[in-house]
Every structure is written in C-alpha cells, then in structure tokens.
Amino acid sequence: MMQNTNQENSPEKMQEKTSQISRWHHFETQDAINQATLNRILAAANESIASRGCFSIVLAGGSTPKNVYALLKDANANWANWHVYHNDDRCLPSDNSERNSLMARTTWLNHVSIPANQIHDIPAELGNIEGAKTYAKTLAGVPEFDLVLLGLGEDGHTASLFPNQPVDNSADAVPVFNAPKPPADRITVSQQRLNNTREVIFLVTGAGKQDAVNDWRNGVAIPATLISPKNGVDVYCFGVMF
Ligand code: 6PG
C-alpha cells in the first residue's frame, strides 16, 4: 500500500501494490530533505536510547546520503550509545575513495565520539565471499535494527540488491557477483536482515531516479520493493516528481 503524505489519499490513489507499505514524502529543496532526514535520524536515536539504551543505524552507500552525514558531523547526540552498520559496500581496498565506509568516516564518523568498537564497517577488502562471512558473524546476535537508510539506483536497485539477480537470504550478509554498478564484487546485507528493522528511510534525489520512482509507484517489482519491514518504509524524495 502506498501513501502520499503530500496529497489527499482518496481510495483510487491508495492502490494495492506489493506487500511493501510505502509513505512518500516530497521535498522542495535539497536542504529541506537533508534537514528532514537529519531530524528523523536524531529523533529515532533519542527514542531508541530512551527506550532501549542504544541506537542501531544502518547506513546507505553511494553519494546521496553524504549531505546528511555532513550534518550529523555537527549534530549534538548521545554518540556513546550509537551503533553504526552499513547496508552494503564495494570490494575495494579499505582506503579506496569509492568505499562506502570511508565516505561515512571522512564525512561524519571520524568527527564524533562513537566508540570505535561500535562502528562496524563491512570488511569488503577481504573479497565478497570472505567479507560477507565475516560481516554475517558481526550481525549475528544484533537485534532488530532501529533505522535503516537506503538509496535507490537508477535501475531500481537498493543496497546491493540488483535487478535480475537472485535474492540471497542464506545469511545476514551475502556476496554479490557481477553487479551492474561497479565494482562487480560487492557485499550486501540481505533483504531479510534489512527487513528486520523498526524504521526505513529511502533517500531519493535527482531526475536520474525518476524512471525508477515511476516503476516503483506503478507496481513494478524493482529491488527497492523487496524492503518490506512491518512498519513500512518512508521514501524521502527531492528532484523527482510524483
Ligand atoms: C552503492 C549503494 C547503492 C546506492 C545507489 C544510489 O554502494 O552504490 O549502496 O545502493 O545507494 O546506487 O547511489 P547514489 O546515491 O550515488 O545515487
């Protein structure tokens, strides 16, 4: 079921789609989507820490979330209670500028006081098979995530769940081969593990994502629709129309 928070939801607009419950939020400026995302993350952290004493967040890769991570660098938060994971990474050396974990560290994590043993990079430098096995051990015993951030590729992929590839739920983290978005070898948290979360925010910006958004909203089973946690997903959009 899909809901447009910025439009009146008459019955004919609320069509049954996949099992995914999606709530769509349209923002007029880049600053507005960045600030809304920051506010949502900090609110989730405050609630999780107040309720459970800790906050687990799974970071999106790619370029879209970088602006939000830069805002988090200057935010005031109970960093000692944060636990940071990644939803995917590229099989490249850990100091390669294309690594999602390096982007998060240089933009945000190196500048705040989250304990080092609470920042869990995916060891993608080990290669996709060994790295996935290692990360699956890291995730073993980690309870339901509090918040998962996800991006959207122009082909409808999310994390490293790509179109026309088998959905591997054999472990909490799995190897990806022949990814259409370089590099070919990646590691992704599995669909099933990503769904074990209280909240999901998709960050979708730029006209390049319009076709994927159109497909998504028209019921095409793009990989983003695989993400169907019990509380649904929120899709924050800027620069795409719906
Ligand atoms: C990656 C990401 C991937 C990304 C989308 C969107 O490693 O590339 O995990 O899923 O989120 O491709 O990328 P942009 O934000 O750069 O458009």
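Given the C-alpha atoms of segment 21-238, compute the convex hull and give its volume per residue in Å³. Before the final figure, lay out each step's value.
Working: hull volume 24.4 nm³, N = 218.
Value for segment 21-238: 112 Å³ per residue.
May I ask you to derive the FRET efficiency for Glu98 and Arg198 from their Cβ-Cβ distance with R0 = 22 Å, giving the value to the nearest 0.05?
0.15
In a Gaussian network model over the chain where Cα atoms closer than 10 Å are linked, find which of Asn196, Asn39, Asn117 has the largest mean-square fluctuation.
Checking each option, the largest mean-square fluctuation is seen for Asn117.
In square angstrom, rounded to the nearest 10, how much accessible surface does His111 have for a 1.4 Å probe?
100 Å²
Where in segment 181-214 is the amide nitrogen less than 14 Å from a point lying 7 Å along the Cα-to-Cβ axis of Ile21?
Counting only backbone N, you get 197-200.
Looking at the chain, what % of its DSSP beta bridges pair antiparallel, to the nearest 5?
Bridges in the chain that DSSP calls antiparallel: roughly 25 percent.
When N counts the residues of segment 92-218, how does its alpha-carbon radius of gyration compare numerically with 2.2 N^0.38 Å, as a ratio?
Values: Rg = 15.0 Å, N = 127, 2.2 N^0.38 = 13.9 Å.
Against the empirical 2.2 N^0.38 Å value, I get 1.08 for segment 92-218.
When Lys and Arg each count +1 and Asp and Glu each count -1, what net charge do the other residues less than 11 Å away from Gln191, Cβ to Cβ, add up to?
That works out to -1.
For a quick check of understanding: with a 1.4 angstrom probe and all protein chains in place, what accessible area in square angstrom does Trp79 have, to the nearest ten?
Taking all protein chains as shown, Trp79 has close to 20 Å².
For the chain, what is the calculated [θ] at 222 nm in deg cm²/dmol (nearest 500), taking -39500 (n - 2.57) for each run of four or more DSSP H residues and dividing by its residue count? Please list the in-between numbers first.
Numbers: 6 runs with 63 residues, N = 242.
Mean residue ellipticity, 222 nm, calculated: -8000 deg cm²/dmol.
Pull out the extension gain between Asp155 and Phe242, defined as 0.36 nm times the separation in residues minus the alpha carbon to alpha carbon distance; nm, one decimal. Intermediate results must be reported in sequence, preceding the final value.
Numbers: separation 87, 0.36 × 87 = 31.32 nm, distance 1.75 nm.
Length difference between fully extended and current span is 29.6 nm.
Take each uninterrupted DSSP H stretch in the chain, measure its Cα extent along the helix axis, and return the ones at 24 Å or beyond whose mean Kyte-Doolittle hydropathy is at least -1.0. The partial results should precede the final answer.
On the way: long enough: 30-52 (32 Å, -0.17).
Sorted by number, the helices that extend far enough and score high enough are 30-52.
Using alpha-carbon pairs under 8 Å, 6+ residues apart, how would you state the relative contact order of segment 93-242 in percent?
On the way: 239 pairs, mean separation 33.5, N = 150.
Relative contact order for segment 93-242 comes out at 22 percent.
The values are calculated or read from the model by the stated rules, or taken from the named source; none is laboratory data. Quick caveat, the model's predicted, so the values are computed rather than measured. Virtual Cβ from ideal backbone geometry, glycine too; neighbours counted across all protein chains shown. Only protein heavy atoms, including side chains, enter the accessible area calculation; ligands, DNA and RNA are left aside. Shrake-Rupley method; radii C 1.70, N 1.55, O 1.52, S 1.80 Å.
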